[in-house]
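Encoded as structure tokens, the structure appears first; notes follow it.
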Amino acid sequence: MGRVFNPTEVTGRPWLKEFAQAPCTLIFDDFVRVYFSSRPHADTNGQYVSYTGYLDLDRSNLFRIIRIADEPILPLGDLGMFDEFGVYPTSVMRCNGRVRAYYGGWTRCSSVPFNVAIGCAESRDEGKTFARLGPGPIMSYSVQEPFILSGPKVRFFNGKWYLFYIAGSKWLVSEDRPEPVYRIRYATSDDGLNWTKVNLDIIKPALEANECQASPDVFFDGSRYHMFFCYRYSLNYRNKERGYRIGYAFSHDLVNWQRNDSMAGIGVGPDEWDSEMVSYPHVFELDGATYMLYLGNQVGRFGFGLAHLDSAL
Amino acid sequence: MKWKRLGLLFEPKKAKHFAGYEGFAQSPQVLQVDGLNRTYFSIRTKDVQGLFRSHVSYVDFDGSFSRVVGYAGKEVISLGELGTFDEHGIFPFSPCRVGDTVFAYTCGWSRRVSVSVETATGLAISHDQGESFERLGNGPIMANALHEPFLVGDSFVRHYSGNFHMWYIFGQRWISHPHTKVPERVYKIAYAKSKDGIQWTRLGQTILNDRLGVNECQALPSVVFWDDQYHMVFCYRDVFDFRTTRDKSYRLGYASSRDLLTWHRDDSQVESAFDDCQPGDWDYNMKCYPHFCVSGERLYLLYNGNDFGRQGFGAAMLDV
């Protein structure tokens, strides 16, 4: 259907200068709130930080932006904390009259460029501002998940909380800088706070043994669970040939997933903004229709677009 | 408690076996093997950037720590892979017998950019009486958490009354030095419990009262059961200027408990060991990284001295 939001056209918001990444929706009566992550211009060393903010779309016309948040929903973490250099991506869910957010918190390392762990924050004002539940992560590194826990997507199915996320397994040494390999995993919880990791990669790689996967976005349509996600080659991926594409898998039990990317039904587009890459899908149902928000070229440098599900999955 | 100081037990720069290292023998911790006191410590190399890395080795003493009877053939565990929590060093390293195996709780170091370091606790297992250890996996068994946001480490584990008990530290905040602006960390001793030594439940609070105020830094707890109660030795310091100023640097603290839950802090019980310490002594400016160990029905206190153990480690013996 085309691009919904172009971050390069926004003014007056220092935190929203480049990129609009990892969209995630929260539905209101009159509008659809879309959380996304954006960045101020890079610092003098060329390094970025990421903030999460939101914009509101008219529920009856998803291409009409009603408002854009003035400020990010959460400040960056304090000195030395796991989320000192970024809050990205973010996934939200309503919970006991509040809005709960799970997010990737970024720190900078010396031998590798970064590490990520999953933080949690809550909003008491309908998702406009959030406060951390604590200064540390709610899910961090463990024996079988040694680094890069990121891309959380929180869901509630059958009385249980599910967190789909990615976990890093190794860093590859390439020409310019180390590149991580990461895969989709999940954990379950009774309260959304204490999580039990399954410690399994649930989506088999299709491109290569070191395929990187992200944005595991799951929904239930009444008969089975569907997951849209994105995947790419591990090295030399900043181009059309090896960059992100959107994949698809389905499951009857949330444990065993059958991958079939040809059913994703979306590829690179004809327009300039998504002609090389599509990634970070988020699927939501609204007023009887199913939509997907997704990123275009350079993982959302030029914003995100909207697609409509035309056929049954 | 009345102590008799035994002086330096081990000086890495005087041991030909460790000629390739830059010195330091930090955090001595004992595993008893066939009547020997196998004493692990962290010793340093310098990497290509000139930065230190800590590696784990050991020296074997006789039962009374009076004689060295052997050394580790090689480092007992490698450092972690690129980007993992223990890539830049393991210090300290804490052994604990579990059945026929030895569990070692490692404190893995990895360097950061805005602050100097992050740590987490790893687990490695030995099937050869502690000569070599294999990691459970590339990640830690205990890392930062919601209310313990960084610098989880210094884990020390003992099995008492059907449970594994862990004393460890976690960081509370980084604060910048008022003049140098260098970030320094505040960390405290805490406690966790486990049925298997692998999955831990944290108590979620500190267990010792502060003597130096809220920014007191507490490290390296070591616990022993002796004379009908539990004894803990640890070290503590001010948050700033501890590297250069004697009255701000590490000294030893002490606490006792009968139930492993409530601890009564009374640092005078170990301070008395240093009443006759003189300027120029190897342990005059600093006392740190202590370890309690019972051998031959005697209670020993191993520890490091000046400059965080650069010269080596020594011991004191309870005078009974």
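Return the pair list, or none, for Cβ contacts closer than 6 Å from residues in region B:230-249 that are farther than 20 Å from residue B:208 by Cβ to residues that are not charged (D, E, K, R), at least 6 apart or on different chains.
Correct list of pairs: B:240/B:177; B:246/B:285.
On the basis of being in contact with a strand residue (DSSP E or B) (Cβ under 6 Å, 6 or more places away or on another chain), more than 26 Å from residue B:117 (Cβ to Cβ), surrounded by fewer than 20 Cβ atoms within 10 Å (Cβ to Cβ) and modelled with pLDDT of 95 or more, does residue B:263 make the cut?
Against the criterion (in contact with a strand residue (DSSP E or B) (Cβ under 6 Å, 6 or more places away or on another chain), more than 26 Å from residue B:117 (Cβ to Cβ), surrounded by fewer than 20 Cβ atoms within 10 Å (Cβ to Cβ) and modelled with pLDDT of 95 or more), residue B:263 does not qualify.
Could we say that residue B:33 is away from chain A (no Cβ under 14 Å), surrounded by fewer than 20 Cβ atoms within 10 Å (Cβ to Cβ) and farther than 23 Å from residue B:221 by Cα here?
So residue B:33 fails the test.
Limited to region B:139-161, what total is found for residues that are over 20 Å from the mean Cα position of the chain (by Cα) and buried (at least 24 other Cβ atoms within 10 Å of the Cβ)?
Final tally of qualifying residues: 2.
Wholly within region A:201-313, which strands (runs of 3 or more DSSP E) include no fewer than the required count, namely at least 1 residues that are in contact with a strand residue (DSSP E or B) (Cβ under 7 Å, 6 or more places away or on another chain) and closer than 27 Å to residue A:173 by Cβ?
A:212-220, A:225-232, A:245-251, A:279-286
Yes or no: region B:77-84 includes at least one residue that is over 25 Å from residue B:204 (Cα atoms), away from chain A (no Cβ under 14 Å) and out of contact with any helix residue (DSSP H, G or I) (no Cβ under 9 Å at 6 or more places or on another chain).
yes
Hey, among the residues in region A:97-127 that are more than 19 Å from residue A:153 (Cα to Cα) and of a type in the set (Lys, Arg), which one's surrounded by the fewest Cβ atoms within 10 Å (Cβ to Cβ)?
A:124
Report yes if residue A:132 is touching a Ser or Thr at 6+ places or on another chain (Cβ under 8 Å), facing chain B (nearest Cβ under 9 Å) and not polar (S, T, N, Q), otherwise no.
no
Could you list, ordered by first residue, the pairs with Cβ atoms under 8 Å in which the first is in region B:267-285 and more than 18 Å from residue B:238 (Cβ to Cβ) and the second is in a helix (DSSP H, G or I) and aromatic (Phe, Trp, Tyr), at least 6 apart or interchain?
B:283/B:274
Looking at B:97, B:67, B:53, which one is closer than 30 Å to residue A:113 by Cβ and among the charged types (D, E, K, R)?
Step by step, each of B:97, B:67, B:53 is checked, and only B:53 is closer than 30 Å to residue A:113 by Cβ and among the charged types (D, E, K, R).
Output the number of the condition that residue B:111 fails; it satisfies all remaining conditions of (1) modelled with pLDDT of 95 or more; (2) over 27 Å from residue B:223 (Cβ atoms); (3) more than 9 Å from chain A (Cβ to nearest Cβ).
(3)
Within region A:134-156, is there a residue that is surrounded by fewer than 23 Cβ atoms within 10 Å (Cβ to Cβ), in contact with a Lys or Arg (Cβ under 9 Å, 6 or more places away or on another chain) and of a type in the set (Phe, Trp, Tyr)?
no
Got at least one residue in region B:276-295 being modelled with pLDDT under 95, more than 19 Å from the chain's Cα centre (by Cα) and among the acidic types (Asp, Glu)?
Yes, because at least one residue in region B:276-295 is modelled with pLDDT under 95, more than 19 Å from the chain's Cα centre (by Cα) and among the acidic types (Asp, Glu).
Please go through region A:34-82 and give me each residue that is among the small types (Gly, Ala, Ser) and within 14 Å of chain B (Cβ to nearest Cβ), ordered by number.
A:46, A:77, A:80
Which of the residues spanning region B:209-218 are surrounded by fewer than 22 Cβ atoms within 10 Å (Cβ to Cβ) and touching a residue at least 40 places away in the same chain (Cβ under 8 Å)?
B:209, B:211, B:215
Please indicate, with yes or no, whether at least one residue in region A:211-229 is modelled with pLDDT under 95, under 23 Å from residue A:188 (Cβ atoms) and of a type in the set (Ser, Thr, Tyr).
yes
Of the residues A:118, A:138, A:184, A:166, only one is of a type in the set (A, V, I, L, M, F, W, C), at the interface with chain B (Cβ under 8 Å from one of its Cβ atoms) and without any contact (Cβ under 8 Å) to a residue 60 or more places away in the chain; which?
Result: A:138 is the single residue among A:118, A:138, A:184, A:166 that is of a type in the set (A, V, I, L, M, F, W, C), at the interface with chain B (Cβ under 8 Å from one of its Cβ atoms) and without any contact (Cβ under 8 Å) to a residue 60 or more places away in the chain.
Which residues, taken from region A:14-28, are of a type in the set (A, V, I, L, M) and closer than 15 Å to residue A:126 by Cα?
Correct list: A:26, A:27.
For a quick check of your reading of the model, give me the residue pairs whose first member lies in region A:146-158 and is within 15 Å of residue A:282 (Cα to Cα), whose second is among the aliphatic types (A, V, I, L, M) and not in a loop (DSSP other than H, G, I, E, B), with beta-carbon atoms closer than 7 Å and at least 6 apart or on different chains.
If the second residue must be among the aliphatic types (A, V, I, L, M) and not in a loop (DSSP other than H, G, I, E, B), the pairs left are A:151/A:166; A:151/A:214; A:152/A:118; A:152/A:163; A:153/A:218; A:154/A:93; A:154/A:163; A:155/A:218.
Give region A:261-312 a look and list any residue that's of a type in the set (D, E, K, R), closer than 27 Å to residue A:31 by Cα and loosely packed, with under 15 Cβ neighbours inside 10 Å, or say none.
Of everything in region A:261-312, those that are of a type in the set (D, E, K, R), closer than 27 Å to residue A:31 by Cα and loosely packed, with under 15 Cβ neighbours inside 10 Å turn out to be A:271, A:285, A:287, A:310.
With respect to the numbered conditions (1) at pLDDT below 95; (2) within 30 Å of residue B:320 (Cβ to Cβ), which one is the sole condition not fulfilled by residue B:250?
(1)
Which one of these is within 26 Å of residue B:219 (Cα to Cα) and part of a loop (DSSP other than H, G, I, E, B): B:77, B:90?
Exactly one of B:77, B:90 is within 26 Å of residue B:219 (Cα to Cα) and part of a loop (DSSP other than H, G, I, E, B), namely B:77.
Give the number of residues within region B:2-57 that are assigned to a strand (DSSP E or B) and more than 30 Å from residue B:118 (Cβ to Cβ).
11
The values are calculated or read from the model by the stated rules, or taken from the named source; none is laboratory data. Quick caveat, the model's predicted, so the values are computed rather than measured. Cβ: placed from backbone, ideal geometry, glycine included. Neighbour counts: every protein chain shown.
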